[in-house]
């Protein structure tokens, strides 16, 4: 809403200009971060049209420095979540996604989180078994793991917790004999690409999956990186 104070038309013009500039900057941030196309893809998926380009990524391809948590001196500890805790932290997910995550957890997946004063601030899942993603099969060796479903709760966003949790999970996995970590990054999700770049991640493949109404599915390899 534009507000004009007093009788100064110049004030109105300046205020309007600032707000227009602010709005344009907001929309530009959405577009430049890939959020517009990412959101458009999600909308198409809701009506049964799934066009999903994504990277198959090896994280920490080269050793990286430990990320720092921003503007927070609180103590965060890495924690393996129990089934009960998993059920609580995924409450915001859809019923379908919750059922899938619980099933995977019971079949051997790990859920790790950052705990702060008894509260889970951020979490993600780790898969050790072979799996499928949108109809494409991925096989994991004994020294490999797949990291997915990263989530940071609203009150803790902007603190750089995602790369910090990732890094701590790498070190935890090393103790289990797992030194190769993979993940999937949506092509339009620039924020995810950015935080993984901080961890010296490397793209191995650019894949494309296309689905129509959960009946027809096609998978393509668009590019293999050297």
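Values in this text are rule-based calculations from the coordinates and carry no lab data. A quick note: this is a predicted structure, and the numbers were derived from the prediction, not measured. Positions of Cβ are generated from backbone atoms using ideal geometry, with glycine treated the same way; all protein chains shown enter the neighbour counts.
Computed quantities for the displayed model
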| item | result |
| --- | --- |
| Neighbour-count order for 151, 218, 56, fewest beta carbons within 10 angstrom listed first | 218, 151, 56 |
| Contour minus Cα-Cα distance for residue 46 and residue 180 (0.36 nm per residue) | 44.8 nm |
| Extension gain from residue 157 to residue 131, taking 0.36 nm per residue of separation minus the Cα-Cα distance | 6.4 nm |
| Residue order, fewest to most surrounding Cβ atoms within 10 angstrom, among 205, 225, 76 | 225, 205, 76 |
| Residue 221-residue 190 FRET efficiency (beta carbon distance; Förster radius 30 Å; 0.05 resolution) | 0.85 |
| Full-stretch length increase - residue 74, residue 88 - with 0.36 nm per residue and alpha-carbon distance subtracted | 2.8 nm |
| Where only alpha carbons of the range 50-224 are counted, the Rg and the Dmax (Å) | 16.2, 50 |
